[in-house]
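Engineer: Structure in structure tokens, see below.
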Amino acid sequence: MISNKSLKNIVNLFSFLLILTKFFSYLNQKIEILFFIFWSIPILFLIFFANKLAIKAFQSFSFIFLIYFLSASLRVFGISPYVFDLLEIVLIVILFFICVFAPKIIMRNM
């Protein structure tokens, strides 16, 4: 069984990896710095609210990760896929499932 502390650590780890992956896309000049900042802000909010174990935040961010998945899948399944886009889509799917199952884990540990 996953504890609330483990849930926080998992969310922080995968969120950091997702931001790092997007930063590598910026370094390889696939995206602009303003897009990177705009894209990273919701994930920073997720980290903040995940550390507070806010159930409504996890439910809201699962929807945001669906939007991220749709935008990333357009790039991945386009003409020339980029390796960091593939990694980004995997991390988005993992974070989506974490956000979907986190409320149950939080409620079980209270």
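Engineer: Give a residue-ordered list of calculated ³J(HN,Hα) values for the stretch 97-110 (Karplus: 6.51 cos²θ - 1.76 cosθ + 1.60, θ = phi - 60°; whole Hz; x for Gly, Pro).
Structural biologist: Those phi angles translate into 5, 4, 5, 6, 8, 4, x, 5, 5, 5, 5, 5, 8, 8 Hz.
Engineer: Using mean Cβ contacts within 10 Å as the protection proxy, how do 51-64, 85-98 order, highest first?
Structural biologist: Values: 51-64: 16.0, 85-98: 18.9.
Ranked from most to least packed, the peptides come out as 85-98, 51-64.
Engineer: Using r as the Cβ-Cβ distance of Lys104 and Gln29, and R0 as 41 Å, what FRET efficiency do you calculate, to the nearest 0.05? Could the numbers behind the result be given before it?
Structural biologist: Values: r = 41 Å, r/R0 = 1.00.
Calculated transfer efficiency: 0.50.
Engineer: Here's another thing I want to ask about it. How much mean residue ellipticity at 222 nm does the chain get from its helices, if each DSSP H run of length 4 or more adds -39500 (n - 2.57) and you divide by all residues, to the nearest 500 deg cm²/dmol? Spell out each step's value before the answer.
Structural biologist: Numbers: 4 runs with 91 residues, N = 110.
Helices in the chain give a 222 nm mean residue ellipticity of -29000 deg cm²/dmol.
Engineer: Quick check: at a probe of 1.4 Å, how many percent of the accessible area of the chain sits on carbon and sulfur atoms?
Structural biologist: Values: 5100 of 6770 Å².
Looking at the chain in its full context, I get 75 percent from C and S.
Engineer: Another question, then. For helix 55-76, report the angle its Cα long axis makes with the longest principal axis of the Cα atoms of the chain; keep it between 0 and 90° and round to the nearest 10°.
Structural biologist: With rounding to tens, the tilt is 20 degrees.
Engineer: Additional query: For the stretch 1-49, go through all pairs of different Cα atoms, get the mean of 1/r, take its inverse, and jot down that Kirkwood value in Å.
Structural biologist: Working: mean 1/r = 0.0859 Å⁻¹.
It is 11.6 Å.
Engineer: Suppose we keep just the alpha-carbon trace of the stretch 49-90; what are its Rg and Dmax in angstrom?
Structural biologist: Reported Rg and Dmax, both Å: 13.3, 41.
Engineer: Okay, moving on. Just need log10 I(q)/I(0) for the chain at q = 0.15, 0.17, 0.21, 0.23 Å⁻¹, Debye formula, equal scatterers on the alpha-carbon atoms, no solvent, rounded to two decimals.
Structural biologist: The Cα Debye sum returns log10 ratios of -0.62, -0.77, -1.08, -1.25.
The values are calculated or read from the model by the stated rules, or taken from the named source; none is laboratory data. From a predicted model like this one, the values you see are computed outputs, not experimental measurements. Please note: Cβ atoms are built from the backbone with ideal geometry, for glycine as well, and neighbour counts cover all protein chains shown. Ligands, DNA and RNA are stripped out before the accessible areas are found, and what is left, the full protein with its side chains, is counted by its heavy atoms. Shrake-Rupley method; radii C 1.70, N 1.55, O 1.52, S 1.80 Å.
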